[in-house]
Amino acid sequence: MADWRTMSVDGPPLPAGNFSTWVADMRAALRGDREMEVPCDGCTACCTSSQFIHVAPDEADTLAHIPRGLLFPAPGMPRGHVVLGYDEHGRCPMLIDGRCSIYEDRPRTCRTYDCRIFAATGIDVDAGDDTKVEVGARARRWSFDYSTDRDRVLRGALDAAVGFVRERDKNPTESAVLAIRLVGDQ
């Protein structure tokens, strides 16, 4: 596991916001209570990194905007759950001219995805995965504000959770999400 304190930076730092606030917002998004508002500023790294996007059967508006031929049954999920694949270049097929063509109706997975999770957990998403290089480069640029005691306590709790999770799971994204879920409201 990469140490979040010593990750190399691939460009100028990007303000990620207050750490405690971000963790609370991320936990709410993972529960389905809200969407994440990520200051992407034109970045499409997540849309170009060979990711399968889960779409649940209750996402009718999303499903209505994606051609059926681009959706496949989601492995290990109940009937009706599908995944949106990617093209031969690793890009989401809904990314047209560098923009999401279904942004207002994008999948829930996209509404909750936030690459700051890798900066927050110190997990190097692109270690050994050439398809996630741009996501990793962006994640290393995020810089959280740790101005309160609560931020620092939460940082320590999250470090402990990441250590526990990474001993058991090697998938960077799943590890980062599980670590955030394990950290209760401090």
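Looking across the range 28-69, the residues that are without any contact (Cβ under 8 Å) to a residue 24 or more places away in the chain and either closer than 24 Å to Ile180 by Cα or outside any loop (DSSP other than H, G, I, E, B) (or both) come down to Ala28, Arg31, Asp33, Arg34, Glu37, Cys40, Ala60, Leu63, Arg68, Gly69. Just one of (1) closer than 30 Å to Pro57 by Cα; (2) surrounded by 14 or more Cβ atoms within 10 Å (Cβ to Cβ) fails for Pro73. It is (2). Among the residues of the range 111-139, those identified as of a type in the set (A, V, I, L, M, F, W, C) and either in the same structural domain as Glu59 (by TED's automatic domain parsing) or within 19 Å of Pro15 (Cα to Cα) (or both) are Cys115, Ile117, Phe118, Ala119, Ala120, Ile123, Val135, Ala137, Ala139. Just to be sure before I move on: is Arg91 in contact (Cβ under 8 Å) with a residue 12 or more places away in the chain, outside the structural domain of Asp126 (by TED's automatic domain parsing) and of a type in the set (D, E, K, R) in the structure I sent? Yes; evaluated as a whole, the condition is true for this residue. So which residues in the range 121-133 are farther than 17 Å from Ala16 by Cα and in a helix (DSSP H, G or I)? Answer for the range 121-133, where residues must be farther than 17 Å from Ala16 by Cα and in a helix (DSSP H, G or I): Asp130, Thr131, Lys132, Val133. Out of Val38, Val82, one residue alone is surrounded by 13 or more Cβ atoms within 10 Å (Cβ to Cβ) and touching a Lys or Arg at 6+ places or on another chain (Cβ under 8 Å). It is Val38. If you go through the range 134-181 one residue at a time, how many are assigned to a helix (DSSP H, G or I) and surrounded by 15 or more Cβ atoms within 10 Å (Cβ to Cβ)? Residues flagged as assigned to a helix (DSSP H, G or I) and surrounded by 15 or more Cβ atoms within 10 Å (Cβ to Cβ) within the range 134-181 amount to 27. Restricting attention to the range 105-120 and to residues that are in a helix (DSSP H, G or I) and hydrophobic (A, V, I, L, M, F, W, C), the residue that is nearest to Leu84 (Cα to Cα) turns out to be Cys110. Within the range 77-97, the set of residues being of a type outside the set (D, E, K, R) and within 19 Å of the chain's Cα centre (by Cα) comprises Val82, Val83, Leu84, Gly85, Tyr86, Gly90, Cys92, Pro93, Met94, Leu95.
Any residue that is surrounded by 17 or more Cβ atoms within 10 Å (Cβ to Cβ) and among the polar types (S, T, N, Q) - is there at least one of those in the range 50-63? So far as the range 50-63 goes, yes, one or more of its residues are surrounded by 17 or more Cβ atoms within 10 Å (Cβ to Cβ) and among the polar types (S, T, N, Q). Hey, among the residues in the range 71-88 that are in contact (Cβ under 8 Å) with a residue 24 or more places away in the chain and among the aliphatic types (A, V, I, L, M), which one's nearest to Cys43 (Cα to Cα)? Step by step, filter the range 71-88, then rank; the result is Leu84.
The values are calculated or read from the model by the stated rules, or taken from the named source; none is laboratory data. Given the structure is predicted, the values throughout are model-derived calculations rather than measurements. FYI the Cβ positions are ideal-geometry reconstructions off the backbone, even for glycines, and counts take in every protein chain you see.
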